[in-house]
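Working notes, beginning with the structure itself.
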Amino acid sequence: MNKAVFLDRDGTIARDVHYCRRPEDFEILPTVPEAIKILNENSFKVVVITNQSGIARGYFTEETLAQIHQKMKDELAKYGARVDAIYYCPHHPDDGCQCRKPKTALFLKAAEEHNIALKNSYMVGDQQMDIDAGKALGCKTALVTTGPQPQISSPKSPVSGPESPVPGPEFPVPGPKSPVPGPQSVNFKPGTLNSELQMPDYTARSLLEAARWIVHNRH
């Protein structure tokens, strides 16, 4: 079976704008192509799982969303990177669907269609709902601090400063017990699937740092 890295889109792959409704508003974050290429080269399926309630709200159409995602794929291809699949929830949060994160229907669909072993896979995102979904599936999880909310204030969390150095003898990749954000984070609220706060296995400044951790700690 395949191993996968499930990625959130807005705030993880791309700059989080308020309901990205035009291709020209979509902007990939720095070092993301390199991060995804690393995952590609290490035999991970890269699957994007994203909530897009702007469709239900009437802000943009599914045709426009397809154009945005084509731009994303084209930009990644310039760097030799690719995503293997994109799944999105078009519903309003009040619709009660099973596909809006932190619900797991889209993940399970992806696992079936791409023969993915969830226990050997990872979920990376910038919100609590991403962590909750990953935990519910039995995946390892990584929180990236590239979203739009204020950064985590805990001095023990590695979330400020320049891009992390490349792992090596002088800069080893932290293990799964690396510092994680505390409940004081605006971006890290209790999830809706579990009564207790679900903590990530790793906290990273960027998707690139998360990708390096994943490759170092892969099953």
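The values are calculated or read from the model by the stated rules, or taken from the named source; none is laboratory data. Note that this is a predicted model, so its numbers are computed, not measured. Glycine also receives a Cβ, built like all others from the backbone with ideal geometry; neighbour counts cover every protein chain displayed.
Just for the stretch 35-69: of the residues that are in a helix (DSSP H, G or I) and of a type in the set (D, E, K, R), which one is nearest to V83 (Cα to Cα)?
Narrowing the stretch 35-69 to residues in a helix (DSSP H, G or I): 35-41, 62-69.
Now drop any that are not of a type in the set (D, E, K, R), which leaves 37, 41, 62-63.
Numbers: K37: 9, E41: 12, E62: 19, E63: 19 Å.
Of everything passing the filter in the stretch 35-69, K37 is nearest to V83 (Cα to Cα).
In the set K103, K135, K109, K119, which member is surrounded by fewer than 19 Cβ atoms within 10 Å (Cβ to Cβ), in contact with a Leu (Cβ under 9 Å, 6 or more places away or on another chain) and either among the small types (G, A, S) or modelled with pLDDT of 90 or more (or both)? Walk me through it before giving the result.
Values: K103 fails: surrounded by fewer than 19 Cβ atoms within 10 Å (Cβ to Cβ); K135 fails: surrounded by fewer than 19 Cβ atoms within 10 Å (Cβ to Cβ); K109 fails: in contact with a Leu (Cβ under 9 Å, 6 or more places away or on another chain).
After applying the criteria, what remains is K119.
Counting only residues that are within 13 Å of R22 (Cα to Cα) and of a type in the set (D, E, K, R), the stretch 40-64 holds 2 of them.
With in contact with a Lys or Arg (Cβ under 8 Å, 6 or more places away or on another chain) and modelled with pLDDT of 95 or more as the only criterion, which of V83, V47 stands out? So that I can check it myself, show each step before the final result.
Details: V47 fails: in contact with a Lys or Arg (Cβ under 8 Å, 6 or more places away or on another chain).
Exactly one of V83, V47 is in contact with a Lys or Arg (Cβ under 8 Å, 6 or more places away or on another chain) and modelled with pLDDT of 95 or more, namely V83.
The set of residues from the stretch 13-34 being in contact with a Lys or Arg (Cβ under 8 Å, 6 or more places away or on another chain) and part of a helix (DSSP H, G or I) comprises P23, P33.
So, R21, is that one of a type in the set (D, E, K, R) and under 14 Å from the mean Cα position of the chain (by Cα) or not? Break it down stepwise before answering.
Details: of a type in the set (D, E, K, R): yes; under 14 Å from the mean Cα position of the chain (by Cα): no.
The answer is no for R21.
Taken as a whole, the stretch 2-10 holds at least one residue that is in contact (Cβ under 8 Å) with a residue 12 or more places away in the chain and farther than 26 Å from A117 by Cβ.
On the stretch given as the stretch 1-22, residues that are of a type in the set (G, A, S) and under 14 Å from L137 (Cβ atoms) total 1.
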